[in-house]
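Undergrad: Got a structure for you, questions after.
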Ligand code: SF4
């Protein structure tokens, strides 16, 4: 019999029962936030049901919080509906006895930054959240994916989820990348290669020496973007990098329990003779920094590339799609992507708002300062740390001073302009260099034009005033 | 959840691939704490201009498609955000079934949680259905029990669906109620886990 994949092993360790084609899968950690949970709690109340394991649940306020003036508290949030949503979350978690980091708490931030940072995310776990980028936690070798609100209610009530097993897909990334190429570029290259629906029905495992060389932050960036390739979950097998990251985190096991946990975690890897339903290879050494030109994360080119010509596609539907994207993005077929002049820069989101991302961004900003350069006068640029702790760490290292001196706006943590539910958003027609994860039409504000890229590229673009990897 | 067995209703074709859930229901409508009333935000940027006036050219706004209950759509429908507000908005607007060549996984799951039937048919057949829906007669039959779509011209298209999911839709089952019947299995699982992974248990 063939060996098991990492995904198979985590799955098998969590099957509570099998009902026909569906498994009842135990959920080790349930993360919740203000936007996708209120209807779930209302559903529980309507049926007189209780939260089964409040201790396996963690709540944050991230999606619609403002990134300024958080110390004034929720009651001071200007938007009536956002305020009500935040108050509703506070009430629901209090009634249920769920741990909650409210807006303004230094531990609060984007749900996918907070879980790992607190050590709540651990290898071999099943983790769900009413948010598609839950795939982020797969970086720890945890089976983690987004769910809808009915499923949030199901997990609250039963601590399980009814699931059908996905197929196994391995993405091998091998070789030494050139300087300036990293996890974000790998992720965009993978999506460019398989398409936004290429991973549908699969769980992806990332493997290869380039993955082993990635930091935990890099692995989180990569797993985060897995959903943009259609796969709900991405995995990286845990190793010493994983254990080193977790050691000493607030919720990580301590003392003898730590040893026991590490031993257990080490059992989560893919057997040599395991068979994958699909596999692709990416040569890391061949990659240049990647950037999106269109309205889907699969619309990717190298920074030295040009915007595609609809005429070059045979499929009439694809042709129409490319044309629609060009019209929306205000780009011309064949133009160099680096010629696109930008108006805004957003550094943040659960993809790229961790301390390592901010260090990489600040290093480029510092280089600009050393050369007497700043954010271009026509560009408005903001940095939104992923959590209060990331913000505090950055300030300890003086990164905020670098950003501010270089002309960036230094904000308080949250999802911010990743989905533009709060006041941070693009105006119609504005072009934005963004470290987030979705360049959909209207994602960052109606009519807004988003180009996804790494933090280093976003800073370089802010300084140059157009898309670039150098200034 | 209302059971879904068979539906006779008007179908509207939306010939765009990769319709994501941000487009199905933009963020400004996610601030609600209710499930109801989201139909007003469905496909908002397609249906309304920047001043908030309906765009007469958009197919959903055409009088002949008013009251449609079947949406025929392009590939990879419902990709992106996990927001269940997307199926809520579709249902609140009046849709009960969708026909498309493929769906994103999370959206597909969310449909079943709400009694919204996502039918998968091959691309060429979806094109045929779209063409018919553009004609004079827009009334289609979607029969889950028989697993067929019948077009206005009387053509029959069979579709596959997972039997477990089919049964749930037909019976309108409450998934939570069903899982709660497994409570003793869950208890046993938790007892085993407390021994195998004691560090996950909060010291009380
Ligand atoms: S940062 Fe963006 S993608 Fe991440 S959880 Fe927030 S809204 Fe979702």
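Undergrad: Quick check, is residue B:147 on the phi > 0 side of the Ramachandran plot and free of Cβ contacts under 8 Å to residues at least 60 places away in the same chain?
TA: Considered against the rule, which asks whether it is on the phi > 0 side of the Ramachandran plot and free of Cβ contacts under 8 Å to residues at least 60 places away in the same chain, residue B:147 comes out as yes.
Undergrad: Let me ask something else about it. Pick out the one residue from A:347, A:342 that is within 29 Å of residue A:223 (Cα to Cα), at pLDDT 95 or above, touching a strand residue (DSSP E or B) at 6+ places or on another chain (Cβ under 7 Å) and within 16 Å of the ligand (Cβ to nearest atom).
TA: None of the other options fit; the residue is A:347.
Undergrad: To continue, here is another question. Have a look at B:23, B:125 and point out the one that is in contact with a strand residue (DSSP E or B) (Cβ under 6 Å, 6 or more places away or on another chain), part of a helix (DSSP H, G or I) and surrounded by 17 or more Cβ atoms within 10 Å (Cβ to Cβ).
TA: Residue meeting the stated conditions: B:125.
Undergrad: Among the residues of region A:218-259, count how many are part of a helix (DSSP H, G or I) and either within 17 Å of residue A:207 (Cβ to Cβ) or within 12 Å of chain B (Cβ to nearest Cβ) (or both).
TA: Within region A:218-259, the first condition is being part of a helix (DSSP H, G or I), and the residues that meet it are A:218-229, A:240-246, A:255-259.
Applying the additional criterion that residues be either within 17 Å of residue A:207 (Cβ to Cβ) or within 12 Å of chain B (Cβ to nearest Cβ) (or both) yields A:218-223, A:225-229, A:240-242, A:246, A:255-259.
Selection size over region A:218-259: 20.
Undergrad: Just checking, how many residues over region A:133-162 are away from the ligand (no atom under 16 Å from the Cβ) and part of a helix (DSSP H, G or I)?
TA: So the answer is 9.
Undergrad: Which pairs have Cβ atoms under 6 Å, sit 6 or more apart or on different chains, and link a residue in region B:108-124 that is closer than 14 Å to residue B:164 by Cα and within 11 Å of chain A (Cβ to nearest Cβ) to one that is surrounded by fewer than 24 Cβ atoms within 10 Å (Cβ to Cβ) and modelled with pLDDT under 95?
TA: B:112/B:165; B:115/B:1; B:115/B:2
Undergrad: Give the residues of region A:94-132 that are within 14 Å of another protein chain (Cβ to nearest Cβ) and over 26 Å from residue A:239 (Cα atoms), sorted by residue number.
TA: The answer is A:97, A:98, A:99, A:130, A:131.
Undergrad: Still on this structure, please answer the following. Quick one: residue B:86 ticks every box in (1) away from chain A (no Cβ under 14 Å); (2) under 26 Å from residue A:43 (Cβ atoms) except a single one, so which number is it?
TA: (1)
Undergrad: Let me spell it out: the conditions are (1) touching a helix residue (DSSP H, G or I) at 6+ places or on another chain (Cβ under 8 Å); (2) more than 10 Å from every other protein chain (Cβ to nearest Cβ); (3) crowded, with 17+ Cβ neighbours inside 10 Å; (4) in contact (Cβ under 8 Å) with a residue 60 or more places away in the chain, and residue B:142 meets all of them except one. Which number is the exception?
TA: Here residue B:142 clears every test but (1).
The values are calculated or read from the model by the stated rules, or taken from the named source; none is laboratory data. Nothing here was measured: the structure is a model prediction, and the numbers come from that model. All Cβ positions, even for glycine, are placed from backbone atoms using ideal geometry, and neighbour counts span all protein chains on display.
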